[in-house]
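Below is one structure, written out as structure tokens; the observations come after it.
Where a number appears in this text, it was derived from the coordinates with a stated rule and is not lab data. As the structure is a computational prediction, the values presented were derived from the model and not from experiment. Positions of Cβ are generated from backbone atoms using ideal geometry, with glycine treated the same way; all protein chains shown enter the neighbour counts.
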Amino acid sequence: MTARFCLACGGRLARVREDGRARRRCRRCGWTFYGNPVPAAVGVVVRGGRVLLARRARPPYVGTWDLPGGFLEAGELPQACLAREVAEELGLRVRRARLLGFATDRYGPRGFPVLTAVYRVEVRAGRPRPADDVSEARWFPRGAVPFGAIAFPAMRRLLRRYLSGR
Ligand SMILES: [Zn+2]
């Protein structure tokens, strides 16, 4: 998925190369589409040796297990985004969050690029109540996480690495 028309004037974009990278530039006004990644924040929510996963209710990868989280709003910092998304999707309040690292994925096999900040999260007491773009939430024992059913490749790798203690 990439832009075909100029965001500034609606003109058609042409493929160009700039510093060895593929860009799209407007033939009419010169506006350039860089395809920069969209920032996101997600949480590995842990409680007593278990990890909370959320089943995706919307494309891409609808029906697969995922880490709760979402895209940053303008002016929002990653940790605030994480707390907002965990509340919206699961009805849970974040008690503590620690940055584990970053992952780069595409939003679907042909989707736009995403840069995800991944946090280890502890939540306040309470049962998850799936809502918004989550159809189900389930606690998995650390040794029984269904890696094969986690669709975003970088997320799967990061979660596997974290849970194996490497
Ligand atoms: Zn233009």
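Taking the residues in the range 110-128 that are more than 18 Å from the chain's Cα centre (by Cα) and among the basic types (Lys, Arg) as candidates, determine which candidate is nearest to Tyr34 (Cα to Cα). So, considering only residues that are more than 18 Å from the chain's Cα centre (by Cα) and among the basic types (Lys, Arg), the one nearest to Tyr34 (Cα to Cα) is Arg124. Each residue in the range 33-52 was checked for being among the β-branched types (Val, Ile, Thr) and surrounded by fewer than 16 Cβ atoms within 10 Å (Cβ to Cβ), and 1 of them qualify. When the range 53-107 is filtered for residues that are among the charged types (D, E, K, R) and surrounded by 14 or more Cβ atoms within 10 Å (Cβ to Cβ), the ones remaining, listed by number, are Arg55, Arg56, Asp66, Glu76, Arg84, Glu85, Glu88, Glu89, Asp105, Arg106. Could you tell me whether the range 57-67 includes any residue that is in contact (Cβ under 8 Å) with a residue 24 or more places away in the chain, more than 16 Å from the ligand (Cβ to nearest atom) and part of a strand (DSSP E or B)? Yes, because at least one residue in the range 57-67 is in contact (Cβ under 8 Å) with a residue 24 or more places away in the chain, more than 16 Å from the ligand (Cβ to nearest atom) and part of a strand (DSSP E or B). Scanning the range 114-125 for any residue that is closer than 16 Å to Gly69 by Cα, of a type in the set (Gly, Ala, Ser) and touching a helix residue (DSSP H, G or I) at 6+ places or on another chain (Cβ under 8 Å) turns up at least one such residue.
When the range 36-56 is examined, which residues are found to be outside any strand (DSSP E or B) and more than 13 Å from the chain's Cα centre (by Cα)?
Here is the first cut: in the range 36-56, the ones outside any strand (DSSP E or B) are 36-37, 48-49.
If the condition is that a residue be outside any strand (DSSP E or B) and more than 13 Å from the chain's Cα centre (by Cα), then Asn36, Gly48, Gly49 are the ones that fit.
Filter the range 1-25 down to the residues that are within 13 Å of the ligand (Cβ to nearest atom) and in a loop (DSSP other than H, G, I, E, B), then identify the one that is nearest to Gly108 (Cα to Cα). Top of the filtered list is Ala3.
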